[in-house]
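Here the structure is laid out as structure tokens; the discussion comes afterwards.
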Amino acid sequence: MTSVAPVILLAAEKESAEVTDWAARVGWVVGLGLFVALVYWLMREGWKWRGTLQGDLPELPAAPDEPGPAKLNMSGRYHGSTTAGQWLDRIVAHGLGTRSRVELTLTDAGLDVVRPGAADFFVPLAALREARLDKGIAGKVLTEGGLLVVTWAHGDKLIDSGFRSDQAAEHNEWVETLNDMINKTETEGAR
């Protein structure tokens, strides 16, 4: 009988532990929420500061009233613009850093970039420098050749703009057609 008594005493003395310390839990949640808000605010301020630093970039040209018949059309995504040759130096001035859906139209006048929900812009044929397939631009990395990158001059700056078609097979045709148009323009300008 003596062996049963200690077991009964141990069972009677056990109390359940306190389940939750609500004050500490609320404190941690509020602290974490404030930290996330601070990080978000700092990122937003950095984006605005980058736009201020790029304030010397001229306004983007608008499409002409009569651009001519379309040579190529493409629907897809606009992934942003960077300083040419520096794929991580995103340009945010004039809305060029805003990702969006895009409708591209290539005419004899140039490249019309229509972005629902973001600023549209037009790249005159004389400003186009090169088209190529690449795998990345600031904030977006794809498979090799998965991104159409168009290099163009704006003011005294060369800009790379990245596009991805809904049908990636269209990219090669765009590169060939754009480079042919650029080469013809350069040849005619050299005469």
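Tallying residues that are β-branched (Val, Ile, Thr), under 20 Å from residue 134 (Cα atoms) and under 12 Å from the mean Cα position of the chain (by Cα) within region 82-109 yields 3. Residue 116 falls short on exactly one of the conditions (1) of a type outside the set (Asp, Glu); (2) in a loop (DSSP other than H, G, I, E, B); (3) buried (at least 18 other Cβ atoms within 10 Å of the Cβ), and that condition is (3). Condition check: free of Cβ contacts under 8 Å to residues at least 40 places away in the same chain, open to solvent by 10 Å² or more (accessible area, probe 1.4 Å) and either more than 24 Å from residue 167 (Cα to Cα) or of a type outside the set (Ser, Thr, Tyr) (or both). Does residue 67 satisfy that? It is false that residue 67 is free of Cβ contacts under 8 Å to residues at least 40 places away in the same chain, open to solvent by 10 Å² or more (accessible area, probe 1.4 Å) and either more than 24 Å from residue 167 (Cα to Cα) or of a type outside the set (Ser, Thr, Tyr) (or both).
Which of the residues spanning region 119-130 are closer than 21 Å to residue 99 by Cα and surrounded by fewer than 17 Cβ atoms within 10 Å (Cβ to Cβ)? Passing the criteria: 119, 120.
Regarding residue 33, is this residue over 18 Å from residue 131 (Cβ atoms), modelled with pLDDT of 85 or more and small (Gly, Ala, Ser)? I'd like the intermediate steps shown before the answer.
Working: over 18 Å from residue 131 (Cβ atoms): yes; modelled with pLDDT of 85 or more: yes; small (Gly, Ala, Ser): yes.
Here the answer is yes, as residue 33 does meet what is asked.
Looking at region 87-115, I want the residues that are polar (S, T, N, Q) and have a partner that is modelled with pLDDT of 85 or more and crowded, with 20+ Cβ neighbours inside 10 Å with Cβ atoms under 7 Å, at least 6 apart or on another chain. Which pairs are those? If the second residue must be modelled with pLDDT of 85 or more and crowded, with 20+ Cβ neighbours inside 10 Å, the pairs left are 100/78; 105/112. Every condition in (1) open to solvent by less than 50 Å² (accessible area, probe 1.4 Å); (2) of a type in the set (Asp, Glu); (3) within 18 Å of residue 172 (Cα to Cα) holds for residue 89 except the one numbered (3). Scanning region 34-64 for residues that are open to solvent by less than 60 Å² (accessible area, probe 1.4 Å) and either closer than 25 Å to residue 109 by Cα or in a helix (DSSP H, G or I) (or both) yields 37, 39, 46, 51, 57, 58, 60, 61, 63, 64.
Listed here are the residues, each with its yes/no results for (1) open to solvent by 60 Å² or more (accessible area, probe 1.4 Å); (2) of a type outside the set (Lys, Arg); (3) outside any helix (DSSP H, G or I).
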residue	(1), (2), (3)
145	no, yes, yes
167	yes, yes, yes
172	yes, yes, no
186	yes, yes, no
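Within region 92-113, take every residue that is surrounded by fewer than 16 Cβ atoms within 10 Å (Cβ to Cβ) and in contact with a strand residue (DSSP E or B) (Cβ under 7 Å, 6 or more places away or on another chain) and give me the one that is nearest to residue 52 (Cα to Cα). Per the criteria, the residue is 99. Against the criterion of being in a strand (DSSP E or B), at pLDDT 90 or above, farther than 21 Å from residue 47 by Cα and of a type in the set (Val, Ile, Thr), residue 123 qualifies.
The values are calculated or read from the model by the stated rules, or taken from the named source; none is laboratory data. Predicted model, so just to flag it, every value in this text is computed and none were measured. Cβ coordinates were reconstructed from backbone atoms using ideal geometry, including for glycine residues, and neighbour counts include every protein chain displayed. Calculation scope for accessible area: heavy atoms of the full protein, side chains included, ligands and nucleic acids excluded. Shrake-Rupley method; radii C 1.70, N 1.55, O 1.52, S 1.80 Å.
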